[in-house]
Each structure stands twice: as C-alpha cells, then as structure tokens.
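S.K.: Sharing a structure, written as structure tokens. Questions coming.
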Amino acid sequence: MIRIFSFLLLAALQSLLAAQTAQAQSVVLNPVLNLYSARHYQTDEALYNNFTKATGIRVQRIEAGDEALLARLRSEGANSPADIILLTDASRLWKAQSEGLFQPLQSATLERRIPVELRSRDTGKGSEWFGFSRRARMIVYDKSKISPDQLTRYEDLANPAFKGQICVRSASHPYMLSLIGAMIEHQGETATETWARGVVANLARVPRGGDTDQIKGVASGECAIALTNSYYFVRMLRSKDSSERESAQKLGIVWPNQATRGTHVNIAGGGIARFAPHRDAAVRFLEYLASDAAQSFFAEGNNEWPVVVGAALNNPELEALGTFKQDALSVERIGQAQGTAQRLIDRAGWR
Ligand code: FE
C-alpha cells in the first residue's frame, strides 16, 4: 500500500516537474519583445512577422501617437514593460532621450549600416537612438502662380514677393521646430528670427491642420506655396481617391537649398527603452530593422526612404521624385535646437 502510494506520489511529482520544465522551456522558446510604436502602417505586419520567423521572438505592440507613448512611458517609469520605443522626428527622439527614456547601445551592425548623422551621438556607451527611415521637408507650389527660379531655398519663403501666399502648419509642431532648429544651426538665431518674421508676414492664413492640409491649400488655390514632409505628398500621389491624386499631380515641387547645404532631412527611428526587460531581444530587433529587407518594409510603410544605402525601394511614385542633395546636419543637433526654435517662433509671433 505504502509502495503504491509512494509510486503515485513520485509520478505526480515527476509530472509536476515536467510541467514546470515545459513552462520554463516555453518562456525560453517563445521570448517576447514589447514594442512601443508611434507607427501603424500596413507593411508593419509583415515587418514584425518576418522578425518573429527569423528569431522566434514574438512582438507585442503598443501603438499610440508620439505624445501619448511618451506620456505612458513617463507614468510607467521603472515598471515599464517597453523594450523598444519607435518615434517620428528627431525632435521627439531627442526629447525622449533628454527625459532619460532610452538606454545606450553599442552595435557594430548599426554603426556600419546607419549613417552617423542619422543617429544620436555615441557617448562612449553607444547611441541612444537610431534613424531607420528618412523623410525630407519639401516645398510644393502652384505652377500657375509661382516661377520656380524665385523659390529654390527655405530662405525664399520670407521673400516679400510671396505676401499672402504661404501655407504652413503650426510652427510649434515638431516638424517645424526641427526645420527651424536646422536653420538656427546653419545661420544662427538672428538671421533665422528675421526669416521667421518674414514667413509670418507672408502667411495666407493662420497656421492650422497638418501637412496634407497645406498641400490641399495650394491645390484649392487658397495659397500658392506650402511646406510638407515628403511622405504626405507621396501618399496623395498614391491615393485611392482620384481627386487627391490629381491635386498632388498638378503641383510643382522644390527640394530646397540644392545649391547650398541641401534639403532638410529628418528621420523616424528608435532605441532601447531604459528599463527594457528583454534587452537581448531589443538589440536583435534594432539590428533586424537595419537589414536590407526590413529597411524596405520600414520605409515603404510610410512612403519614406531607407537609411541604409542600397536597400530596395518598391515605390514608383517615391522613386519618380528622384534624388536630391540632403542636408548632412546631425539629426541629434536638430533635435537639441528645438528649445531655441520654440523661443524664436514665440518672439516672431509664429503660431
Ligand atoms: Fe507625419
């Protein structure tokens, strides 16, 4: 009797042990990566599935706007499950860095693949964030009203000849703060403030809406010139809505400052969260994002350009825009200048 009982006890213990081992193995075999992303594009599904296929690491996504993600990370503090943070625009990435939301990473792969000006500075412990796609701040114009030789630089937006003709979004938006920050870096605060006052004097309307609204403002005739990130323009060129396509197709485009420093280029990118519970998986994920295949998906999702030279571009409308000289200013310096840029636009009365 005792023998039967002890046999049953042993069997029970063994099966308990086996279950625990299986559970432990499943944790090891099914590791997970918590991704906080300000991106939400169709191609992202394939992007993350391919990572899981290659590594066995499951990607759990929290998607929200840039500001909402940052607010969530702040409130979660050291208890945050976030492994990776993906944000758009250097100004937001730098803000997250300055709040201590990232941790540095030294990766030979990322250093080799991503141009040095498109990632944050290596502080000795590595970079805190890396660009994974590129966008440019371009000018679009009404060909019936504007002669392109009058409009070749950002500086020209302050030309009094364009009074009442310019549409831009709020200057407090990160895209504008970055452009103005870049101008401060290049030509100093005084010249940039004079320029900003000139642009304000030329506005067709009080800044409102996003970049797409500015493009549509030119198409509808409300203004003659607008500033926009390149992907909004390409998105309209590829729209299912024929009126959006036609609106974009009829506009002229300018890559500003080709004869001088080049057009302002910004990034979408990310890094490892400060309290990442799965750091090894996070490193693998960032290195995966810099692979040729992932680069194409990542950029394609938002009609952007890859940061890795030679990664394929499967986007005829984007390719048709051609190539242009890009400002080589470090995106970190652009991000850092946002405080100065904000004070400057406040003084200039640029809302
Ligand atoms: Fe955007």
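The values are calculated or read from the model by the stated rules, or taken from the named source; none is laboratory data. Source: prediction; values computed, not measured. Please note: Cβ atoms are built from the backbone with ideal geometry, for glycine as well, and neighbour counts cover all protein chains shown. The protein model used for the area step is the full one, side chains on, heavy atoms only, and it has no ligands, DNA or RNA in it. Shrake-Rupley method; radii C 1.70, N 1.55, O 1.52, S 1.80 Å.
S.K.: With the condition kept exactly as written, say whether any residue in the range 86-107 is under 16 Å from Glu287 (Cβ atoms) and out of contact with any strand residue (DSSP E or B) (no Cβ under 7 Å at 6 or more places or on another chain).
M.R.: Within the range 86-107, one or more residues are under 16 Å from Glu287 (Cβ atoms) and out of contact with any strand residue (DSSP E or B) (no Cβ under 7 Å at 6 or more places or on another chain).
S.K.: Considering each of Arg351, Arg347, Arg333, Arg343 in turn, give the residue that is charged (D, E, K, R), outside any helix (DSSP H, G or I) and open to solvent by 10 Å² or more (accessible area, probe 1.4 Å).
M.R.: Arg351
S.K.: May I ask you to say which residue of Gly271, Gly217, Gly221 is within 25 Å of Trp94 (Cβ to Cβ) and either within 16 Å of the ligand (Cβ to nearest atom) or in contact (Cβ under 8 Å) with a residue 24 or more places away in the chain (or both)?
M.R.: It is Gly271.
S.K.: So which residues in the range 279-315 are more than 16 Å from the ligand (Cβ to nearest atom), open to solvent by less than 30 Å² (accessible area, probe 1.4 Å) and of a type in the set (Phe, Trp, Tyr), if there are any at all?
M.R.: Of everything in the range 279-315, just one residue is more than 16 Å from the ligand (Cβ to nearest atom), open to solvent by less than 30 Å² (accessible area, probe 1.4 Å) and of a type in the set (Phe, Trp, Tyr), namely Phe285.
S.K.: Taking the range 237-249 as the search range and keeping residues that are touching a Lys or Arg at 6+ places or on another chain (Cβ under 7 Å) and touching a residue at least 24 places away in the same chain (Cβ under 8 Å), which one is farthest from the ligand (Cβ to nearest atom)?
M.R.: Ser247
S.K.: Considering only residues that are free of Cβ contacts under 8 Å to residues at least 24 places away in the same chain and of a type in the set (Val, Ile, Thr), which ones fall in the range 171-197?
M.R.: Scanning the range 171-197 gives a single hit, Thr190.
S.K.: Give me the strands (runs of 3 or more DSSP E) completely within the range 222-326, filtered to those with at least 2 residues that are farther than 30 Å from Pro81 by Cα and in the same structural domain as Asp156 (by TED's automatic domain parsing), ordered by residue number.
M.R.: 225-229, 252-254
S.K.: For the subset of the range 126-181 comprising residues that are within 30 Å of Tyr36 (Cα to Cα), in a strand (DSSP E or B) and within 16 Å of the ligand (Cβ to nearest atom), which member is most open to solvent (accessible area, probe 1.4 Å)?
M.R.: If we take residues in the range 126-181 being within 30 Å of Tyr36 (Cα to Cα), in a strand (DSSP E or B) and within 16 Å of the ligand (Cβ to nearest atom), then Arg134 is most open to solvent (accessible area, probe 1.4 Å).
S.K.: Being touching a strand residue (DSSP E or B) at 6+ places or on another chain (Cβ under 7 Å) and small (Gly, Ala, Ser) narrows it down to one of Gly322, Gly262, so name that one.
M.R.: Gly262
S.K.: Further question: Of the residues that make up the range 28-37, is at least one farther than 17 Å from Leu286 by Cα and modelled with pLDDT under 55?
M.R.: Within the range 28-37 (the criterion being farther than 17 Å from Leu286 by Cα and modelled with pLDDT under 55), the answer is yes, since at least one residue qualifies.
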